[in-house]
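The values are calculated or read from the model by the stated rules, or taken from the named source; none is laboratory data. Here the structure is a predicted model, which is why all the values come from computation and not from measurement. Reconstructed Cβ throughout: ideal geometry from the backbone, glycine too, with neighbour counts over all protein chains shown. We work out accessible area using only protein heavy atoms, side chains counted, and drop any ligands, DNA or RNA first. Shrake-Rupley method; radii C 1.70, N 1.55, O 1.52, S 1.80 Å.
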Amino acid sequence: FGCDALGLVNEWNNKAHKMTGYSKEEVLGQNFVQVYITKEFRASVKRVLDDAFFGKETANFEFALFTKDNKRVEVLLNATTRRDVTGAIIGMIGVGQDITDLRRLMEQEALLFQAQAANDAKSQFLATMSHEMRTPLNVILGMNDLIIETRLNSEQRTFAEQVKTSAESLLILINDILDLTKVEAGKLELVAVDFDIRQVMEDAIDSVAAKALGKGLEICSYIGPEIRTDVIGDPDRLRQILLNLLSNGIKFTKKGEVYLLIEEEEETASHHAFRFKVHDSGIGITAEGQKKLFSRFSQVDSSTTRTYGGTGLGLAISKQFAELMDGTMGVQSEVGTGSIFWFTAVFKKIMHATNVFPVPTLIIPKVREGSPLTVLLKAENETLRLLLTRYLEALGIVSTAVDSLPKAVQALESNPEKFDMLFFCPSIKDLNHNPYHAAANSSGQQDYGSKVDLHHSMTVLKSKAHLWPKLETIILCPIKCLSHASGYRDLHRCSIVSRPVRLSALHDAVVTCAMRIRNATPGLEALVPKSKEDVQNMQEFEKQMQEFENPKGRSWRILIAISDMKERIVLRAMISREQLHGEQHQCVLAGTGEETIQQLMLEDAGWNHDCLIFDTNFKDHTQQDIVRYVRDREAQALFNKNKNTPLVLIAAIDPEMDPNDSLAAGMNAVCTRPFERANIDAVLQSSFNHSEEHRGGSDQNGEFSRFARNCNAVQQGKDDRPIISAGSSSKMLKTLDEEPYPQNVKIIQGVIKVLVVDDDNGQRMVMRAMLSKMGYFEVVTAEDGEQALAKIQETWLRTPSSLESSSESSRDASVTRLFDLVLMDGFMPN
């Protein structure tokens, strides 16, 4: 468009017409600024035109105008001076570009950046807060466990157990929030390792079995024996999804069953796709409620939280994990009939040779020509009957299933020669409705509802056993009732397998029975008369086993290198309470990586410590630094040649860390926060037993112990170095081959004077109580640094240089300290 020297429009092309809706006839002769520009931009546009009238051009000036139908249009304007042939200024030419869509995109992009920055800040804040909250919570859990193990009356124990339950619930919430922030920030990466889906399934079922059986629920799992289940993927995240769905099923089911079914959905040349289904017979969910299930912090209604607890985070996180595995998640449910939560996941096939997770070989010895083994199966629960029947069919066994003890007895009495084996599953009674259990609880005993059926079945089977003397019996006993099932061992040819049952355990039990049938030998060695020589050999064997299980030795010397002071104290309290052959483990504490190295001293007999528990959160030294330092010193000292014992290295990691990283770095074991006394004790006890077992052995291959192996072999599946893990989600596998060294233990002499400096009165009280309780600390407190300095300056202290120059005999007499040790809050004022 163009304007003359007075600002009146004298040029208006077709593009201006289309952009504004005003025709050329409508605008010619009109004042461009006064008629078509809004008040907001009128002054600024007039300045641009005036500049052009005086020979000053303007480029990329943005303003807004309204079209004929009152729509706002964003315009990018370039204004140029217009001259006649003599060079005199006669007006201006304006070139305007419609940038409405571009401006809208820029604004949306700016909003997106702001939202992303806010989301990143929120994720960082939540991650930091979750980590900071977890540290004191670990201390609460550890201290509370120590309290529970003391002598408490019933009311005190109830309070302490409620603290534990609430703290564990809070820890689950914190971990869920941490997982959620990682997923949202795109920082959660799945690992890719060889694993067996069947093992993950059975591990998950075992983890929740006690909770289900405690409510009187049947719990079981099934995946076809013919399906190949060794894949490459992330077993920990898969287990987390399964545990969440199984726990929800148990939580919302009062009676009936919860079971897990895994099906192979699709197989390609390189991948396996599986569908996982968790069935429950619980309260069910309405169609409207199902729409809320996978939203964060959302539950079907508020009464759900009040009645069953929970935060509504678990399913949202599980769905995101499933999507990271190239799958999805959904639900099928009807109110009053139960629910099916399902998800799919895709895993890579294992294309390379591996023997880590072999496909189980299901082979049953042939007992006779022409006919298979026959089994009578008694299981009250229909789902349990069905999956056991399928497993038996896969083993080539013909089964007859009944749902009650009378029917089983009737079938055996009518034709005792028909069956080779009896599979007997004692029923699970609802604890809330079992009168025997209610009476037992009122008397203060601990019992389980299935004990009634367990003892009744035992009595009936014993009374009828003489009618079928050749019958092999396998009792699938609920895992919580194994202590009450010992009476079954009096039955002729009887084996006991825990329930929920693993396919491998079922297969082994059947093979054992089949071998006895084929060899026609009695099932219990106690029924076979033994010679005097056999009895002497058995007594000698039992004596050797007893010495092996309880070897004469000494306690361990353990260096605890943890960055957080409270966690160091909790871990020392847990370990110091444990006794090995009547002696307590001796613990030394370190708070930094440098202090750890200073505490490690190599002597003629080996290290001055047997075990190092090392925090992977240290900033000054990584776990790789520690492994390199320790193993290099051992190699220089010719540990292998001199048969010295290498130092046992245990990594202390956070729950979100991958234990394989620590093992690949050369650590021998992993313990996961929060530390639990039972698991820490299991790690140390198992390490000690295996060390004693291999004491005095030589390295046949000339290698410097298993610890010196190539760390890359861990990821290649070549390293059979054992793994130990302890913590809230711990697993015990094989342990170490090394031994502790025979060396005297140094005992603290006298009283240690401690100055505790903390601006929080509660923490000062706690530290004073904890230290004073140990018996060899004398404690004084200060509120801040100035008060602490004043207390220290109350006595004369010799300088380090004068201490070094003074003789050993005069040092103790000449130097007097008011304090031996200062424990000070790192974030203290003043």
Exercise. So what's the gap between the Cα centers of region 213-246 and region 131-163, to the nearest angstrom?
Worked result: 31 Å
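Count neighbours as other Cβ atoms within 10 Å of each site's Cβ, and list the GluC sites (Glu not before Pro) in region 128-174 that are DSSP loop with at most 14 such neighbours.
Sparse-neighbourhood loop GluC sites (Glu not before Pro): GLU149.
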Exercise. Tell me, in nm to one decimal, what length is gained between VAL511 and ASN13 on full extension, where the rule is 0.36 nm per residue of separation less the Cα-Cα distance?
Worked result: 169.8 nm
For this session: Taking H placed 1.01 Å from N in the peptide plane, check which residues at least 5 places from ILE99 or on another chain put their amide H under 5 Å from its amide H.
Result: GLU74, VAL75, LEU76
Problem set entry | Per residue value of the accessible surface for region 118-181 (all protein chains in place, 1.4 Å probe), Å² | 56 Å²
Exercise. For THR58 and GLU267 in the same chain, what is the full-extension length gain: residue separation times 0.36 nm, less their Cα-Cα distance, in nm?
Worked result: 68.6 nm
Exercise. Near the amide H of LEU373, under 5 Å away, which other amide H atoms are found, from residues 5 or more places off or on another chain, if H is placed in the peptide plane?
Worked result: VAL398
Seminar exercise, completed: Flagged as over-length at 18 Å C-alpha distance, from LYS215/LYS277; LYS15/LYS71; LYS24/LYS56, the pairs are LYS215/LYS277; LYS24/LYS56
Exercise. Between LEU146 and MET106, 0.36 nm times their residue separation minus their Cα-Cα distance comes to what?
Worked result: 8.4 nm
Exercise. Whole-Hz Karplus ³J(HN,Hα) for region 368-373, in order, using 6.51 cos²θ - 1.76 cosθ + 1.60 and θ = phi - 60°, x for Gly and Pro?
Worked result: 6, 7, x, 9, x, 5
Exercise. Where the accessible area of region 1-72 is counted over protein heavy atoms with a 1.4 Å probe, how much of it, in %, is carbon and sulfur?
Worked result: 50 percent
Exercise. How far apart, in nm, are the 7 Å Cα→Cβ label points at ILE227 and GLU155?
Worked result: 5.4 nm
Exercise. For region 115-120, in order, what is each residue's ³J(HN,Hα) by Karplus, 6.51 cos²θ - 1.76 cosθ + 1.60 with θ = phi - 60°, in whole Hz (x at glycine and Pro)?
Worked result: 5, 5, 5, 5, 5, 4
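Is there a pair in LYS407/LYS464; LYS566/LYS791; LYS378/LYS464; LYS566/LYS619; LYS39/LYS68 whose C-alpha atoms are over 20 Å apart, and which pairs would that be?
The pairs that break the limit, which is 20 Å between Cα atoms, are LYS566/LYS791.
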Exercise. If you keep only loop residues by DSSP, which trypsin sites (Lys or Arg not before Pro) in region 6-98 have at most 14 other Cβ atoms within 10 Å of their Cβ?
Worked result: LYS56, LYS68, LYS71
Seminar exercise, completed: With label points set 7 Å from each Cα along the Cα-to-Cβ direction at ALA664 and LYS407, the distance between them in nm comes to 5.4 nm
Exercise. With all protein chains present, how much of the accessible area of region 109-248 (probe radius 1.4 Å) comes from carbon and sulfur, to the nearest whole percent?
Worked result: 58 percent
Exercise. Say R0 is 60 Å: what FRET efficiency, to the nearest 0.05, do GLN624 and ASN31 get from their beta-carbon distance?
Worked result: 0.20
For this session: Using θ = phi - 60° and the Karplus relation 6.51 cos²θ - 1.76 cosθ + 1.60, list the HN-Hα couplings for region 269-279 in order, rounded to whole Hz, with x at every Gly or Pro.
Result: 5, 10, 9, 10, 10, 10, 10, 10, 10, 10, 9
Exercise. What nm distance separates the two modelled labels at ILE99 and GLN584, each placed 7 Å from Cα along Cα→Cβ?
Worked result: 7.6 nm
Problem set entry | Computed E for LYS753/SER576 - FRET, C-beta separation, R0 22 angstrom, nearest 0.05 | 0.60
